[in-house]
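*Asks:* Take a look at the following structure, please.
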Amino acid sequence: MGIALFGGAFDPPHIGHVAVARAAKEQLDVDGLIVLVSEHPGHKGVHLPAGARVELARAAFPDDEVRLDPYERTVDLLRAERFDDPLFVIGADQFADFLAWKEPEAVLDLARLAVATRPGYPHGRLDSVLAALRRPERVLFFEIPPIPAASREIRELAAAGKPLDGLVPDGVRQLILERRWYRSD
């Protein structure tokens, strides 16, 4: 299948991110996974500097290559890096907004998309995006179990000094505790 790319802010990475990466590697038979930590996400603000988020991602994905993504938009990364027919892994929510991305058709020319769906996700939203694409055959779907974790919620818990057990990988939890990241005091 080639190499899979999995990008995000990872502020912080949580068990849902790990589940997506694991399922992509298992179900799509990829040669490897590169985790790309967005230095300046064009679609959202971040709470920790890029170096800290790379450190957290390395703790969350110890068996994968983790590196900084200096590009704000996916199409800019794919044009600059010249991966050999990569598989860009995203969640169903991101795919539902794919037509609003910068040059979505160019993204599909440069990479295939692997979209993680979960049981109960409304496929009508995904079907309408597929119908609007010039090359819908470049989109693959794979299923993940529902994972109740969100970076925003984890930041709030960490700020309040509450436990993060079961929401983030142990290495991520240790770093957040030791460095007092996200703490409001």
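*Asks:* Taking Cα atoms of the chain, Rg/Rh with Kirkwood Rh, to two decimals?
*Replies:* Rg divided by Rh gives 0.96.
*Asks:* Shifting gears a bit: Nearest 10 degrees is fine. How inclined is helix 50-60 to the longest principal axis of the chain, computing both from alpha carbons?
*Replies:* The answer is roughly 90 degrees.
*Asks:* Give me the one-decimal nm value for the distance between modelled label points at Ser184 and Asp109, 7 Å along each residue's Cα-to-Cβ direction.
*Replies:* In this crude label model, Ser184 to Asp109 measures out at 4.8 nm.
*Asks:* Also: Please compute the modelled spin-label separation between Leu157 and Asp64, points set 7 Å along Cα→Cβ, answer in nm with one decimal.
*Replies:* Here the modelled spin labels are 2.1 nm apart.
*Asks:* Sticking with this structure for a sec: Non-local amide H neighbours of Phe141 (under 5 Å, H modeled in plane, Pro and chain starts lacking H): which ones?
*Replies:* It is Val115, by chain and number.
*Asks:* Considering amide H positions built from the backbone, and no H for Pro or chain starts, which residues 5 or more places from Leu33, or on another chain, come under 5 Å of its amide H?
*Replies:* Ala4, Glu65
*Asks:* Additional query: Which whole-Hz couplings ³J(HN,Hα) result when phi for each residue of segment 26-41 is put into the Karplus expression 6.51 cos²θ - 1.76 cosθ + 1.60, θ = phi - 60°, listed in order with x for Gly and Pro?
*Replies:* Per-residue couplings from phi come out as 6, 7, 9, 6, 7, 6, x, 10, 10, 8, 10, 8, 5, 5, 10, x Hz.
*Asks:* Roughly how far apart, in whole Å, are the Cα centres of segment 89-112 and segment 142-159?
*Replies:* 22 Å
*Asks:* 5 Å is the cut-off here: which amide hydrogens, built 1.01 Å from N in the peptide plane, fall below it relative to Ser38, excluding neighbours closer than 5 in sequence?
*Replies:* Gly8, Ala9, Asp69
*Asks:* From the helices alone, meaning DSSP H stretches of at least four residues, give me the mean residue ellipticity at 222 nm for the chain, per-run term -39500 (n - 2.57), in deg cm²/dmol to the nearest 500.
*Replies:* Rounded to the nearest 500, it is -11500 deg cm²/dmol.
No value in this document is a laboratory result; all are computed from the given coordinates. This structure is a prediction, so every number in the text was calculated from the model and none was measured. Here Cβ is always computed from backbone atoms with ideal geometry, including for glycine, and neighbour counts include all displayed protein chains.
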